[in-house]
Amino acid sequence: MRSSLLRSVPRVDLLIGLAIIALGTLEAFTDAMDYGAARSPELWWVGQALVTGVLVWYRRRAPVAVFILMILAQYAWHRQGNESCPVWQLAALLIVFHTIGAHLSVRHGGAWALAGVLIFDSGAVDHRFLPFQEVVYLTVMFGSAYLTGLALRGYLLRAHRMSERAMRLELERERRAAEAVAAERNRIAYHPERLELEITDNGAGAGPALSTGNGLIGMRERAELFGGSLDAGPLPEGGYRVRATLPIAQGVPVSEAAK
């Protein structure tokens, strides 16, 4: 069960989640106090970094649920006395905003992204009125992350449609080729008791007399050997024609004889 779940998550998501955990742990033991954290913040930072990394890890499987949980995690973060958002949390938030744009439709993804931006801009997460500059900063940051996901979604959809179109064209080409082969066999086969094969060109011809070249003689002899005949000569309107007639043995399909 566990191994199948791990295989269902892309490896790149696992690496990103581990990077978030590692960065959060590093910041916990270096500059946690600089963010206004409470006493002995290391344990809380490592725990929340672990939770955030796991959420980022599984964000594609449940983008809306992860999005909501990330906002709630930010609310809990500020309720612990942390005054600002460290680098690893900001990176995780940008990633989930990007995921909303990449994996949801424009209608649903846009609604969730707008709701998230309004929640942060209103100060509902950290219970304070944000200055105008910070509101602009958060709007641009989260909005840009969503738009990059939306652009990726559009690119992937176009690539998928082009792949499907190429597949349909290839199937159509193969179908037409098969129909052409069948039509050619039907053309070759112009009687149930004999096989008639005619080859013409639109050249200047070889003169009024029948050619006595060894090639035509050899073909005529082979046709007569099997009880058939071969006729070759110029056409009245120009060009040259070679027509062979061969009897078909009883029980041999015409399509097999044409081969």
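The values are calculated or read from the model by the stated rules, or taken from the named source; none is laboratory data. Remember, it's a predicted structure, so these values are computed and weren't measured experimentally. All Cβ positions, even for glycine, are placed from backbone atoms using ideal geometry, and neighbour counts span all protein chains on display. Protein only, heavy atoms only, side chains kept; ligands, DNA and RNA dropped before computing areas. Shrake-Rupley method; radii C 1.70, N 1.55, O 1.52, S 1.80 Å.
If R₀ is 41 angstrom, what is the calculated FRET efficiency for the pair GLU196 and SER163, using the beta carbon separation as r and rounding to 0.05? After rounding to 0.05, the efficiency reads 0.35. Once you sort the root eigenvalues of the Cα gyration tensor of the range 115-203 as a ≥ b ≥ c, which label holds: rounded (a/c under 1.5), prolate (a/b larger than b/c) or oblate (the other case)? Because a/c hits 1.5 or more and a/b exceeds b/c, the range 115-203 counts as prolate. Can you bin the range 39-134 into rounded, prolate or oblate? Criterion: square roots of the alpha carbon gyration tensor eigenvalues sorted a ≥ b ≥ c, rounded for a/c under 1.5, prolate for a/b above b/c, oblate for the rest. Note, shape of the range 39-134 comes out oblate. Each of SER105, SER122 has its accessible area taken with a 1.4 Å probe; listed largest first, they run SER122, SER105. Of the listed residues HIS103, HIS78, the order by accessible area with a 1.4 Å probe, largest first, is HIS103, HIS78.
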